[in-house]
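What follows is a short report on a single structure.
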Amino acid sequence: MNPASQPRVWLSYGLPGLPLALLGVPLYVYLPPFYAEQIGLGLAAVGLALMLTRLFDVITDPLIGHLADRLPPAHRRRLMILIGTPLLLFALHRLLQPPMDIGLGYLYGWAVLAYLGWTMVTLPYQAWGAEVDPSAHGRTRLAASREGFAIFGIVLAASLPVLISSEDPADILPLVDILMLVLLPLTLLILFWQVPEHRVTHPPVPWRIGWRLIKRNHALRALLGAYFLNNLANGLPAALFLLFVTYRLEAQGAAGPLLLLYFLAGILALPGWTWAARRHGKRLVWLVSVLLASAAFMIVPWLGPGDVMAFALVCLISGLSLGADMALPASIQADLAGQDAEAGGGERAGLFFGLLGLVTKLALAIAAGLSFGLLELAGFSGEDGDATLALALLYGLLPVILKLAGGWLIWQPLGKYYREVTPDNTPRTTTAMSKKQHVTPGGTP
């Protein structure tokens, strides 16, 4: 029996996903308006600083992933996590509890260090899950455990305004700092104790040979393109959520319950997505989730003051797609890393997840800069009706366009080149394979 199939192993593996995801809502929803309005740095300036921070991550993600694959093989995932955790916790403390008399340099510097530490923890953590169980459904189960706990972490973060009876970022951010100091070391200790590391049997090949294999991997390129567009579509509403609820719906007190509804829907739907992916395939089920979220967001530009119940329906329906959005692309990437190893690339899941992190952070960087920058150009002040219309279009219409473009990449190029397998590791019929076309492990016909 594969040890990774035991519930204690995949549940212990998923636990650190909770504190790592706990950061998501504060960093994307509460941190920008806190620095822009309460610290007084301005919307456009904060958006630019956060975009530059994410662009720095574009460089560090593949480098950290590459380095993590080349550490001593016995405990290479544990070692990188142990190096990154103190850096992450200290930088977060400085970022979430800043003095009031600071400038953009403070925000940029500590955000860079926090994201660097976060990368040094999350990349080996994700690669660990891709390696510990070689089966297709095992990878999905581990990814679902990680992302399920991640959604619990996001729900906890979204619940904080309700729990402390305050939606003031100055009250929420210090509490997040304390929770991270307690939960992250505790869950990592359980991970190290209960989850074995995969024994490396095929060390990564030299960089030049490995890069040639990646360039020929059409399935990887299609996945990264679809993931970029989907994350860009998700990043715009995340950055603008508080502004949309406050100034477009004129319902600031509803922000916490609406976020809670969204993420609770994601938790409840995750087991169904996992079951559907095993039965119908990860790619097809991910595509269905993307189309579901797009359909829900199509009514957003027509919402106005007082339309809280209609927006709650949007949060519920789009929240149902959240679990698939989080777990399935990562599981597909784990499959591609395994197929790359079969094609002669060696075991370099860290690099593959570094590339996935690269496109994620690039998309979120562009989303932060684009959303606040375009609002500034539109003259947004929260009072002018035309400016709140611009906010509604940025929040609701542009993400739909981006998601549909990403959906096409999932349907066509990824469907053609991704060699998906069933739970018993036999090839699943796809568009390309139904035509009796042979596909190599590298994804090239």
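Values in this text are rule-based calculations from the coordinates and carry no lab data. Just so it is clear, the model here is predicted, and its values are computed rather than measured. Reconstructed Cβ throughout: ideal geometry from the backbone, glycine too, with neighbour counts over all protein chains shown.
Quick look at the values:
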read-out	value
Residue 280-residue 104 FRET efficiency (beta carbon distance; Förster radius 41 Å; 0.05 resolution)	0.30
Cα-projected label distance for residue 342 with residue 70, points at 7 Å along beta-carbon direction, nm	2.7
Given charges at Cβ of Lys, Arg, Asp, Glu: the chain dipole, positive-most of 157, 26, 321	321
Test item: Cα-centred dipole of the chain, Lys/Arg +1 and Asp/Glu -1 on Cβ, debye	2200
Listed pairs 282/403; 215/282; 215/403 exceeding 19 Å between Cα atoms	215/282; 215/403
Nearest-20 debye value, the stretch 234-384 charge dipole, Cβ charges on Lys, Arg, Asp, Glu	460
By average C-beta atoms within 10 angstrom, highest first, the peptides 48-58, 245-255	48-58, 245-255
Ordering of 259-272, 304-317 by burial proxy (mean other Cβ atoms within 10 Å per residue, highest first)	259-272, 304-317
Protection proxy ranking of 226-238, 99-111 - average other beta-carbon atoms within 10 Å, highest first	226-238, 99-111
Principal-axis tilt of helix 136-164 within the chain, Cα atoms, nearest 10 degrees	20
Nearest-0.05 FRET efficiency for residue 412 and residue 82, computed from C-beta distance (R0 51 Å)	0.75
Ellipticity estimate at 222 nm from DSSP helix runs (n ≥ 4, -39,500 (n - 2.57)) divided over the chain, nearest 500	-23500 deg cm²/dmol
Theoretical FRET efficiency, 1/(1+(r/R0)^6), r = Cβ-Cβ of residue 171 and residue 376, R0 35 Å, to 0.05	0.85
Listed residue (292, 238, 192) projecting farthest to the positive dipole end of the chain, Cβ model	192
Dipole in debye (nearest 20) - the stretch 138-182, about Cα centre, beta carbon charges: Lys, Arg +1; Asp, Glu -1	480
Distance (nanometres) between label positions extended 7 Å along Cα→Cβ at residue 186 and residue 316	3.3
